[in-house]
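Asker: Quick one: the structure is below, questions incoming.
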Amino acid sequence: MITNLSDNVFIIGTGTSSNSVLVCGKKVCILIDTTLFPEKARKIEEFAREMLKKEIVAAFNTHYHPDHTFGNEIFERIIAHSLTRESLSKVDEEYMERIGVKVSIKLPSETFSDRKLYRFGDITVEAVHLGGHTPDSSIFILKNEKIVVCGDLLTTGIHAEIVPDSDLSTWISALEEIEKTGAHYCVPGHGRVGTLQDVKEMKDYIAKILRLKKGSIPHSELLRDPNFLSREHPELLEWGIENIIR
């Protein structure tokens with residue numbers, strides 16, 4: 001499904017699958033997150049080339065997880081944080097067999113460390129490394145469009161994906177940094193396009209999980225909180241709790 005967020009920004013995602021963001025200028029496009037499947041990434045490339053008459057000249061990864069990076073092989077120029085490249089370099093056949101997807105891993109051809117501004121004609125995007133969801137988690141700020149692409153630091157309508165290398169305190173700090181952008185639209189890694197209110201709710205969500213981890217609240221308190229009850233896929237919540245309380 002393709003949704004127009006503005007005249008030149010398109011969100012590609014279906015339901016709870018990962019979101020990709022296609023940003024088009026007068027002459028070229030860029031893509032943020034390349035999906036789990038190279039075939040899907042190719043369809044996005046074809047949409048830009050055949051329908052919009054523009055080439056995707058660069059693709060960015062918000063973090064190393066396969067549903068945001070396994071379509072990299074379709075594109076020539078891949079940009080991501082240095083830790084994203086490092087993590088992707090460790091993906092092996094066993095890992096791909098475990099998740100049931102086999103692709104040719106393409107590592108980022110360019111990396112950034114803290115933050116960096118990129119320009120592609122009239123497109124300006126600022127890459128900012130924040131960590132939290134994963135050590136390499138980064139956001140991409142489209143200042144002119146008042147849009148921030150959050151990756152899996154933000155999910156809307158579904159539970160957060162808390163993984164073994166998540167750092168909850170850093171995650172909260174990352175969401176605070178997103179709030180400072182003043183963006184009108186916040187594109188989550190999964191779910192509908194949100195606003196800064198959704199960022200606040202995610203911050204409250206992660207803060208409550210952190211309190212649970214520290215033992216200051218019981219698990220039953222999560223089950224009474226509308227911020228948890230309103231989200232789909234409760235199995236993600238239980239899996240996330242298992243990942244951080246071992």
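The values are calculated or read from the model by the stated rules, or taken from the named source; none is laboratory data. These figures come from a predicted structure and were not determined experimentally. Note: ideal-geometry Cβ built from the backbone for every residue, glycine included; neighbour counts use all protein chains shown. For accessibility, only protein heavy atoms count, side chains too; no ligands or nucleic acids. Shrake-Rupley method; radii C 1.70, N 1.55, O 1.52, S 1.80 Å.
Asker: Only Lys, Arg, Asp and Glu count, each charged at its Cβ (+1, +1, -1, -1), so figure out the dipole size of the chain about its Cα centre, rounded to 20 debye. Can you show the working numbers first?
Answerer: Numbers: 30 positive and 37 negative charges, 119 e Å.
Magnitude of the dipole: close to 580 debye.
Asker: Any chance you could get the radius of gyration and Dmax over the Cα atoms of the stretch 187-246, in Å?
Answerer: Gyration radius and largest Cα-Cα distance of the stretch 187-246: 11.9, 33 Å.
Asker: So what's Rg/Rh here for the stretch 143-246, counting alpha carbon atoms and using the Kirkwood radius for Rh? Working shown, then result.
Answerer: Values: Rg = 13.4 Å, Rh = 13.9 Å.
Result: Rg/Rh = 0.96.
Asker: Also: Can you pull the one-decimal nm distance between simple spin-label points at E73 and R49, each 7 Å off the Cα toward Cβ?
Answerer: With each label point 7 Å from Cα toward Cβ, the separation is 1.7 nm.
Asker: Bin all alpha-carbon pair distances of the stretch 121-175 at 10 Å intervals from 0 and give each bin's fraction as a whole percent.
Answerer: Computed distribution, short to long bins: 24, 48, 22, 5.
Asker: Assuming R0 = 35 Å, what is the FRET efficiency of S104 and H219, from their Cβ-Cβ distance, to the nearest 0.05? Kindly include the intermediate steps, with their values, before the conclusion.
Answerer: On the way: r = 42 Å, r/R0 = 1.20.
Efficiency at R0 = 35 Å is approximately 0.25.
Asker: Rank by packing, highest mean first: peptides 170-183, 97-110, 216-229, 151-164, with packing defined as the count of other Cβ atoms within 10 Å averaged across residues. Walk me through the intermediate numbers first.
Answerer: Details: 170-183: 18.6, 97-110: 13.6, 216-229: 11.8, 151-164: 22.1.
Order by mean packing, descending: 151-164, 170-183, 97-110, 216-229.
Asker: Can you compute the label reach from S169? Point 7 Å from Cα along the Cβ direction, backbone N cut-off under 17 Å, restricted to the stretch 226-244.
Answerer: Answer for the stretch 226-244: 244.
Asker: Counting only the heavy atoms of the protein chains, how much of H129 is accessible to a 1.4 Å probe, in Å² to the nearest 10?
Answerer: 50 Å²
Asker: May I have the pair-distance distribution P(r) for the stretch 1-130, computed from all Cα-Cα distances with 5 Å bins from 0 and rounded to whole percent?
Answerer: Cα pair-distance distribution for the stretch 1-130, in percent: 2, 11, 22, 24, 20, 13, 6, 2, 0.
Asker: May I pose another question? Could you work out how much longer the chain between K143 and E126 gets when fully extended? Use 0.36 nm per residue separation minus the Cα distance between them, nm to one decimal. List each step's numbers first, then the result.
Answerer: Values: separation 17, 0.36 × 17 = 6.12 nm, distance 0.79 nm.
Going from the current span to full extension adds 5.3 nm.
Asker: Using just the helices of the chain, give the 222 nm mean residue ellipticity in deg cm²/dmol: DSSP H runs with n ≥ 4 each add -39,500 (n - 2.57), and the total is spread over all residues, rounded to 500.
Answerer: Numbers: 9 runs with 78 residues, N = 246.
When only DSSP H runs of four or more count, the value is -9000 deg cm²/dmol.
Asker: In units of 2.2 N^0.38 Å, what is the alpha-carbon radius of gyration of the chain?
Answerer: Values: Rg = 17.4 Å, N = 246, 2.2 N^0.38 = 17.8 Å.
After normalising by residue count via 2.2 N^0.38 Å, the value is 0.98.
Asker: Using the Cα centre of the chain as origin and beta-carbon charges of +1 (Lys, Arg) and -1 (Asp, Glu), tell me which of W239, F37, A183 is placed farthest towards the positive end of the dipole.
Answerer: Checked the options; the winner is A183.
Asker: Evaluate the distance, in nm, between pseudo-label points positioned 7 Å from the Cα of D204 and of L229 along their respective Cα→Cβ axes.
Answerer: 1.3 nm
Asker: Let me ask something additional. Compute the separation of the alpha-carbon centres of the stretch 82-102 and the stretch 212-246 and state it in Å as a whole number.
Answerer: Answer, in whole Å: 28.
Asker: Next question. Between E179 and D114, 0.36 nm times their residue separation minus their Cα-Cα distance comes to what? Don't skip to the end; give the middle numbers.
Answerer: Details: separation 65, 0.36 × 65 = 23.40 nm, distance 1.80 nm.
Result: 21.6 nm gained on full extension.
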